[in-house]
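Undergrad: Dropping a structure here in structure tokens format, bear with me for questions.
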Amino acid sequence: MTEPIVQRNAANSGKLGAETAERRSLNYQETYICPVCRHGQISSLTLMDAFACGFCRHIFTANLQEQSIRVEDSSQPMTWRWNGRHWQSAHQLDADLTFVVWLVGASLVILPPGLIWLSSHTFPPLRGSALYWFPSFWIGLSFCLHFLFVAWLLAEHYQISLYVACRVRIQDWLGRR
């Protein structure tokens, strides 16, 4: 009884291996998984040489000779290459802009809590007073809120797929799409 199962599994794995080994080229007649959100499917737009995702609604232009697509409705020039099975990132981020984003992010996370810490240590509250704990609470709250703000900016800048998928689902839930 174990032999037929082993043979079936070997036959099935051979079939699956042949299907997954099959490479397909990028064309306008097929659908592909969206490289931005990784949840939706991109398919060609009618009467246009472009693709659109049904989930995140991004629009892509395709270069069939280079087997690549580029997102057109984003501030970031992101490009992906189709290798026959999945997308590989081919976009080159602007190094100056990336450095500026990280520098601004770090300063937004460090400076406000640092200023609160400096003022609370320069003029400390009296021990045993009712609000002795408040400066520490304010420093922690300031750090957490600024960190969340910077994390949101970085998720927007890099178009992280989990963030895009959550944003689309929240918009659907709120009925704004």
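Undergrad: Between L111 and Q171, what's the calculated FRET efficiency when r is the beta-carbon distance and R0 is 30 Å? Round to 0.05.
TA: Computed FRET efficiency for L111 and Q171: 0.40.
Undergrad: Mind checking the full-extension length gain between A50 and Y28? Use 0.36 nm per residue of separation minus the Cα-Cα distance, one decimal, nm. Could you put the intermediate results ahead of the total?
TA: Details: separation 22, 0.36 × 22 = 7.92 nm, distance 0.80 nm.
Difference between extended and current length: 7.1 nm.
Undergrad: Can you give the local net charge around A62? Use residues other than it whose beta-carbon is closer than 12 angstrom to its beta-carbon, Lys and Arg +1, Asp and Glu -1.
TA: Working: positive: R70, R81; negative: E30, D49, E66, E72.
Neighbourhood net charge equals -2.
Undergrad: Between L131 and L153, what is the label-to-label distance in nm when each label sits 7 Å out along the Cα-to-Cβ direction?
TA: 2.9 nm
Undergrad: Tell me the net charge near A50. Cut-off is 14 Å between Cβ atoms, A50 excluded, with +1 for each Lys or Arg and -1 for each Asp or Glu. Please report the intermediate quantities before stating the final value.
TA: Values: positive: R57, R70; negative: D49, E72, D73.
Value of the local net charge: -1.
Undergrad: Let me ask something else about it. Can you work out the PRE-style zone for L145? Point 7 Å along Cα to Cβ, and I want the residues of region 116-134 with backbone N under 16 Å.
TA: 116-117, 134
Every number here is computed from the coordinates shown, using simple stated rules; none is lab data. None of the values given here were measured: they were computed from a predicted structure. All Cβ positions, even for glycine, are placed from backbone atoms using ideal geometry, and neighbour counts span all protein chains on display.
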